[in-house]
Every structure is written in structure tokens, then in C-alpha cells.
Amino acid sequence: MLASLAATSLLALSGPRSNAETAVIAVGYLRWMERRPAISLLDQQPADDGLAGAQLAADDNNTTGQFLGQSYTLIDKPIRAEDDPVAALRSLGSQHVGLVLTDTPADIVLKLADAGKQSGVTIFNIRAPNDSLREEQCRGNVIHVAPTRSMLADALAQYLVWKKWPRWLLAVGSHPDDALLADAYRRSAKRFGARIVQERTYKDTGGARQTDTGLVQTQQQMPVFTQGAPEYDVLVAVDENEVFAGYLPYRTWDPRPVAGSAGLEPVTWDASSESWGGAQLQNRFVRLFHRRMTGLDMQAWTAMRMIGEAASRANSADPAAIMEYMKGPDFGVAAYKGQKLTLRNWNWQLRQPILLSDGRNTVSISPQPGFLHQVTELDTLGMDRPETTCKLR
Amino acid sequence: MQTPMMLRLSLALLAICLAGDPARAFTAYVSNEKDNTISVVDLQEMKTIKSVPVGQRPRGIALTKDGQKILVCASDDDTIQVIDTGSLQITGELPSGPDPETFALSPSGDLLFISNENDNRVTVIDIADRKVVGEIPTGVEPEGVAVSPDGTTLVNTSETTNMAHFIDIARRKIVANVLVDPRPRFAMYKHDGSEVWVSSELGGTISVIDPASHKIKQKIRFAVQGLRSEAIQPIDIRFTPDDVTAFIALGPANRVAVVDAKTYAVKNYLLVGQRVWHLAFTPDAKYLLTTNGLSNDISVIDVSGPTVIKSIPVGRLPWGVVVSPK
């Protein structure tokens, strides 16, 4: 009799729980609907880019949640450039959403952060790579899952230096974002002992990407654009808007490899990554969405898993309790990168290894061996604590 | 106390006398994840004597209770292959469910519990009938499986859910979930059933769980001078038959930790090959073998030292190892 009572009470504490006991964790997803054109057909952005990653992580969280009486819902909120993002955030707020993933440009992240501050909303920035968001414009209620431009540039720079390709020809696009990324590469070169032998600007004159006859022109343009450069080891392309970098490989005047925005690219994920159990994640993703997992998918997956991880450790569905655990000293999340990812507590940037992908395979993963750090080697990527200008508010 | 010199001497003596030292008349079988082979290692000669082609991506490996058959997860073929230890031929398959990674046998040897990583479940197989007799939903990416010595309870770790699930084998039901540190890889009962140890690869810890109360009673941490803490990633755990000492493979730390299983104090770190994952004792418990994935070899630890006395080249990316009497 006693034994059977004990067994019954154990059951009540474990296994899938009934709905009455389930605490719901609602997470918003502000989905940026403006799609930029891609140079390669293969790189056209899927309609659910990012969102799919968040959905998979919500599934993963729900599998775990059934043992803890927690359930996750993801509320997708598409927004366009002409929409009011703050109104979108408010409508999520009316559905009691305290945690919001944002797939938006930096200026909108900032608007949302300030709007969300009064109502206790935490923003998970899964797209904007702007260092300024983590530095002079940092906010206490924004968790940056996307890596910064300086992290990406450092990841590539370490590899190029390790490879003994220290002389770079920097080919820079004409968009404001490109200027920021070029700054990051200049900083990386200085930091790790590479040298930019020359910089060239590629002006975006508008128009379509590859067209029926565009190939002929490209074959003429790219050699001329790269002609007459001083001796260099590798061309580092800076082109966040896919204007020209994709045309560079095999078309440079001198036979040199291309890296940066084309060729060997620093990324948070690659569909070829299978180390550290990554094959399992790739399998789950392809099975659900019938396409390969992108970097943005991975950033969204990681953000959603961070929420799930903190909720299960804090054993709470309350956004405030979840964030308290996430910002505490014990937080870390596994994301198929061979080590726990943790948060930099001076600006809430997620520390993470960066993959270097050639588009077919993962060529290497930074930080590279030999780049040492007194706290964690992951802090050799991007702005470190002594350099930060962030004062969290 | 066995030194390499003494070992060589005794091996030489053995060769001369043609009298088998029963203590070392063992054969080890190593699954090579990248080669699609099993390496057959003669522990008397201390060398690989044969390489047996098997299915794709062989990982988990076990011996049937009678020692007649090797069971190996051919993960990418979604099957478990049965290999006859005498002929070294594949004689059959078991229905494993998709992407079987690793498994455990019941103490009676009739049931096999398999973790299916892609499907968040554990599959239960009746070995004699070659039939699936149960499927138990667990957390995300189930990995380690361990059966209690009395055969009543199964512990399954889920790598992304970060739990050790305690499952009542008779009812095929989860009775408790214990949250542990990130990416739990492996679970092991002490021989006396008093504790379950669970390794967390990315947490870098061992959680010592009381199987009666399902509470974590101790966490064991590791520190190796000159190594980043991120490089210390515990995987496999083995207890000596008297439960006095535990050996723990530390992955990319390239070391096996020697732990006092009563006080939980880490006594020593043994340098082995690169990325050490799985461990197996010889049946007499005098030697412990380690699979070193990145150096493509196994290390032989003399338990009495404990000291590492030999490394033996095997196939590429060795994953698991079992040892049988010859």
C-alpha cells in the first residue's frame, strides 16, 4: 500500500504533465520581411530564414519542457520597413510576451529595446552585427546572439595569420554597412599582425544581380577591378549587401584566394557542420523544413535554446526569473560548437566560436590555436572587456 | 606493480613457453567511426590483428552475455549488426530504430536498450526474438544508457534536454528526471547499485546521483594544470569491481581521471591519446582500455599503477571498445 502510494506520487512529479500544471513561455519573433537580392541562386534567402531555427528550438524546448511542466509558444510577427516596429512590439506585449527575438537592422533593435524597457521586455538580437549596439549604444535589456562584425573579422584574421597569409587586398563595397565592416578588418589586421596592402572601393551602381548576359560583363569587370595591386596573399572582400564579392573568386587579376564576404566566409553556422553532434541538429532541421540550416537559423535556434536552458535551470516560466538566471554566473548553452557558449556580462554579447566556411565545407573554426587569453580564448574574438565603451543601463 | 619492462619480459616468457597467461588472453574489439570497421586487438600481443568491415559509422559496441556475439551500432545504416566472435562474420541484424548511437544490455542479457538520437526515444529490443518490444520517449538527443544492477531501472541521458531520465523498465515509463550540467553523455551505475554517475561533456562535471531519491549528492569537477577548462569534457565512466576507484575519460583533455569513488577526490590524471571517449576493462579488471578518437589508437592502462603502459594503433576515429576472453 505504502509502496504503491509512493509510486503514484513519483509519477505525479515526472513524465509528461497535464495541461493544468503547464506554465506557458511565450516568445515573440519580429521577422524582417525585407529581403536583399543574392548573387548566387543558391543563396536566395528562404522565406522562413531564422524563424525555422526558432521553431526547431521551440520544439526542442517543448520536449524538455514536458518533464518540467513548461511549454513554449513562438509568436511570429512579420514587419516591413514601412511598419511601426514599436506597435508590433506592443501587440506582442498585449499577448504577455516578455522575450522577443528580433531579426531586424540595428536602428530598429535600438528602438525596440528602448520601447521594451518600460514594460520589462528583453530583446534577443539575432541579426544586427553592429559593434555600436554592444558598445556606445548598449542596452541592459538586449541579449546579442548574433556575433559582431569585429568578432567575424577577428575570426577570419586569426585564420589568415595562422595560414601565413598576412598581406591583404581589401576590396570594400560602397554601402554604409561595408564601411563598418572595413573598420572591423582594419582593426583585426592591426590586432593580429596582418597588413592591408591597399584598399579599393567597389561602387554599387544599382541594377540586377546576375542576369542572362551579366556573366560576360562580370568576367571583364572583376579582373580590371583587381588589376595592378601591390603584392598580396589574399583578397578580403567587404560586401554585406552582395553587390560584387560573389563575383570575385576565380576572376581576380592575380591568382589569389578570396575571403570575407565571399570565398572563405566567417559564419555562425554552415549546412556542412557535423562536429560535436551537429549532424543531429542538421538532421532534425532538414526533416522538419526540407531545406538546409543557415547562419540566421542557427542564431535564432541558439536564442530560443538560451531561453529554454535558463527556464529549465531557473525552473520558472517567468521572464524576469529566466533573465536573472541567464545573466547569472552559471549560465551556458550548448550549440554544437564543442564548448559551452556564455554571455559577456559587460555588454550581454554571446561568446561563440566562429566557423570559416567555403560554402561547401567547414574549413576551420576560430579562435585558432595559439591565440591565447587570460579568461577564455573566445574573448580573442571581438571587442574585449578592457576595450569596451559599454555602460549597461 | 607492473612496469613496461616487466610486461615485455612476461610477454617474451609467454612466447617462449607457449603457455597462455589467462590474465591477458583477451581480445578487444574497437569500433572505428570513420573507417566503417571493427579493429580486433590481441591483448597478449598488444597489437591489432584484424580489421573487420562493418556498416556505416560504427559507434556503440557491446558483447552478448555469452560472449559469442558482438553487437555494433551502424548508425548511418540505421541498424545494429551482430558479429560472430569466432568467424568475425556479420551473422545478422537487430531492428534498432533510426540512427542508433549507443546502447546497454540488461543484466540478464536478453534486452537491449538503444538511444535513437534523432527521434528523442529509447528503443527496447528482445535480442533472442530480434524484435522491438518497447519505445520510450525521452528528452532531446538521447545518448547514454545504463541499466541498474538489479535490472529494474534504465537511466538515459539526453544531450540537449540536459537530463538523466530514470525509467522503470517493466512499465517502460519515466519515473524521474534529474537536471544535470550541459550535454550529458554517459551514465554508469556502481556495481552495488548505490549511485549513478552522469558525465556532462560541456559542463565539465560528473553528477553523482542517488538512485533512490533521484537527488544529485555530489558534483565532481576536474582541473588540469595548463589546460583550458573548456578542454576538459568528461565522457565515459568505469568503476573497478570493488567500486573503490572510478576512471573517467576526459575527451579533448587527452587524459583519464582517476577518482576515489568514496570521497569523490580526483587522485590523478593519466595522459592517454587524443580525444579519449570510451573505456573498457579487461574481464579480470587488470587493464583498462581507452579509445582515442583523434590519434587513432587505444591506450592500455595498468589498473594496479595506475599507469599507461602501451598505445595500440587501430582504425580511424575509434569510438567504443569491448573486451572478451579469447
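Axis of helix A:214-225 versus longest Cα principal axis of chain A: the two differ by about 70°, to the nearest ten degrees.
Above 17 angstrom, tally the Cα pairs of the stretch A:309-393 and express them as a % of all pairs, no decimals. Here the long-distance tail beyond 17 Å is 58 percent of all Cα pairs in the stretch A:309-393.
Reducing the stretch A:315-393 and the stretch B:74-113 to their Cα centroids gives an inter-centroid distance of 40 Å. Could you please report the charge total around B:V54, scoring K, R as +1 and D, E as -1 over all other residues with beta-carbon less than 12 angstrom from its beta-carbon? Result for the local shell: -3. Of all beta bridges that DSSP places with both ends in chain A, some 20 percent have antiparallel geometry.
Taking a straight line from the alpha carbon of B:K50, these lysines sit under 29 Å away, with near neighbours fewer than eight places off in the same chain left out: B:K34, B:K65, B:K69, B:K286, B:K310, B:K326. What shape does the stretch A:246-321 take by its C-alpha gyration tensor, where a ≥ b ≥ c are the square roots of the eigenvalues and a/c under 1.5 counts as rounded, a/b above b/c as prolate, and the rest as oblate? Note, shape of the stretch A:246-321 comes out prolate. Computed from label points 7 Å out along Cα-Cβ, the spacing between A:H373 and B:A25 is 5.7 nm. Distance from the alpha carbon centroid of the stretch A:103-155 to that of the stretch A:231-309 works out to 21 angstrom. For GluC sites (Glu not before Pro), the sites in the stretch B:19-122 that DSSP calls loop and that have at most 16 other Cβ atoms within 10 Å are B:E45. Working from Cα pairs under 8 Å separated by at least six residues, relative contact order for chain A is 19 percent. Taking every DSSP beta bridge that has both ends in the protein assembly as shown, the antiparallel portion is near 75%.
So how strong a dipole does the stretch A:150-267 carry about its Cα centre when Lys and Arg Cβ are +1 and Asp and Glu Cβ are -1, to the nearest 20 debye? Mind dumping the intermediate values first?
Numbers: 13 positive and 14 negative charges, 105 e Å.
In debye, rounded to 20, the stretch A:150-267 gives about 500.
Computed extension gain for A:K203 through A:A47, at 0.36 nm per residue and net of the alpha carbon distance, reaches 53.3 nm. Every Cα-Cα pair in the stretch B:230-286 was counted, and those over 17 Å apart are 34% of them.
Stokes-Einstein, applied to the Kirkwood radius of chain A over Cα pairs at a viscosity of 1.567 mPa s and 4 °C, places its translational diffusion at 58 µm² s⁻¹. Remark on the stretch A:142-195: ratio of C-alpha radius of gyration to 2.2 N^0.38 Å is 1.18.
Report, in deg cm²/dmol and to the nearest 500, the calculated mean residue ellipticity at 222 nm for chain A, where each DSSP H run with n ≥ 4 adds -39500 (n - 2.57) and the sum is divided by the residue count.
Details: 10 runs with 132 residues, N = 393.
Computed ellipticity for chain A at 222 nm equals -10500 deg cm²/dmol.
Percent of Cα-Cα pairs more than 36 Å apart in chain B, please. Value for chain B (Cα pairs over 36 Å): 13 percent.
Would you mind computing the Rg to Rh ratio of the protein assembly as shown from its alpha-carbon coordinates, Kirkwood style for Rh?
On the way: Rg = 27.5 Å, Rh = 27.5 Å.
Taking Rg over the Kirkwood Rh, I get 1.00.
In the stretch B:28-165 the Cα-Cα distances spread across 5 Å bins starting at 0 as 2, 11, 20, 23, 20, 13, 8, 3, 1 percent of all pairs.
Using Cα pairs under 8 angstrom and six or more residues apart, how large is the relative contact order of the stretch A:150-267, in percent?
32
Only helices enter this figure: runs of n ≥ 4 DSSP H residues, each worth -39500 (n - 2.57), summed and divided by the residues of chain B, yield -1500 deg cm²/dmol at 222 nm to the nearest 500. Compared with the dominant Cα axis of chain A, that is its longest principal axis, helix A:149-162 is turned about 60°. Taking the longest Cα principal axis of chain A as reference, the axis of helix A:278-289 is set at about 80 degrees.
Assigning unit charges at the beta carbon (Lys, Arg +1; Asp, Glu -1) and nothing else, what dipole magnitude in debye, to the nearest 20, does the stretch B:72-220 show about its Cα centre?
Working: 12 positive and 23 negative charges, 138 e Å.
The calculation lands at about 660 debye.
Each listed q (0.11, 0.21, 0.23 Å⁻¹) maps to a log10 I(q)/I(0) for the stretch A:150-267, found by the Debye formula over equal Cα scatterers with no solvent: -0.32, -1.16, -1.38.
Between the residues A:T380, A:Q227, B:I206, the greatest Cα displacement towards the positive end of the dipole of the protein assembly as shown, with unit charges on the Cβ of Lys, Arg, Asp and Glu, is found for A:T380. For B:L63, the amide hydrogen comes within under 5 Å of the amide hydrogens of B:L71, counting only partners 5 or more places away or on other chains and with H modelled in the peptide plane. The magnitude of the dipole of the protein assembly as shown, with charges of +1 and -1 set on the Cβ of Lys/Arg and Asp/Glu and taken from the Cα centre, is near 1180 debye. Inverting the pair-averaged 1/r between distinct Cα atoms of the stretch B:177-253 gives 12.6 Å as its Kirkwood hydrodynamic radius.
Rule-based calculations on the coordinates, nothing more; no lab input. Please read all numbers here as calculations on a predicted model, not as lab measurements. Note that we place each Cβ from the backbone using ideal geometry, even for glycine, and neighbour counts take in every protein chain shown.
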